[in-house]
Amino acid sequence: MSILIKPIITEKATADSELNNKYAFVVDNKANKIEIKDAVESAYGVSVTKVRTINVRPDRKTRYTKTGVVTGKTSAFKKALVQVAEGETIDLYSNL
């Protein structure tokens, strides 16, 4: 079971990493903060000072088409905001 699924690379997450030394990851739904901290420290070789987790709810959509009403939803996931120690960085673009 892999705890870190993928990093989140958006404008908001990139600005947060440059200004506040915080990085965002999509993580396993059953992972806790201690497991996330250990996974980030072992994967990137940095020391983590704080971990915040968010359960992101699915978005639901309803469309009216000529075949009828179509409903759907996106999948829910867990997001982790990880703050690393001052002076340390995570290079997310190194293995592209």
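If you check LYS6 against the conditions, is it without any contact (Cβ under 8 Å) to a residue 24 or more places away in the chain, open to solvent by 80 Å² or more (accessible area, probe 1.4 Å) and either hydroxyl-bearing (Ser, Thr, Tyr) or on the phi < 0 side of the Ramachandran plot (or both)?
yes
Let me confirm something: among ASP59, ASP91, which residue is within 18 Å of SER17 (Cα to Cα) and surrounded by fewer than 13 Cβ atoms within 10 Å (Cβ to Cβ)?
ASP91
Take the residues in region 28-51 that are outside any strand (DSSP E or B) and open to solvent by less than 40 Å² (accessible area, probe 1.4 Å); name whichever of them is farthest from ALA80 (Cα to Cα).
Among residues in region 28-51 that are outside any strand (DSSP E or B) and open to solvent by less than 40 Å² (accessible area, probe 1.4 Å), the one farthest from ALA80 (Cα to Cα) is VAL46.
Yes/no matrix, rows are residues, columns are (1) free of Cβ contacts under 8 Å to residues at least 40 places away in the same chain; (2) over 17 Å from THR14 (Cα atoms); (3) part of a strand (DSSP E or B):
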position	(1), (2), (3)
THR53	yes, yes, yes
LYS61	yes, yes, yes
TYR64	yes, yes, yes
VAL69	yes, yes, yes
SER75	yes, yes, no
LYS78	no, yes, yes
GLN83	no, no, yes
GLY87	yes, no, no
TYR93	yes, no, no
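The values are calculated or read from the model by the stated rules, or taken from the named source; none is laboratory data. All values reported here derive from a predicted model rather than from experimental measurement. Heads up, the Cβs are rebuilt from the backbone with ideal geometry, glycines too, and the neighbour counts pull from every protein chain shown. These area figures cover heavy atoms from the full protein model, side chains too; ligands, DNA and RNA do not enter into them. Shrake-Rupley method; radii C 1.70, N 1.55, O 1.52, S 1.80 Å.
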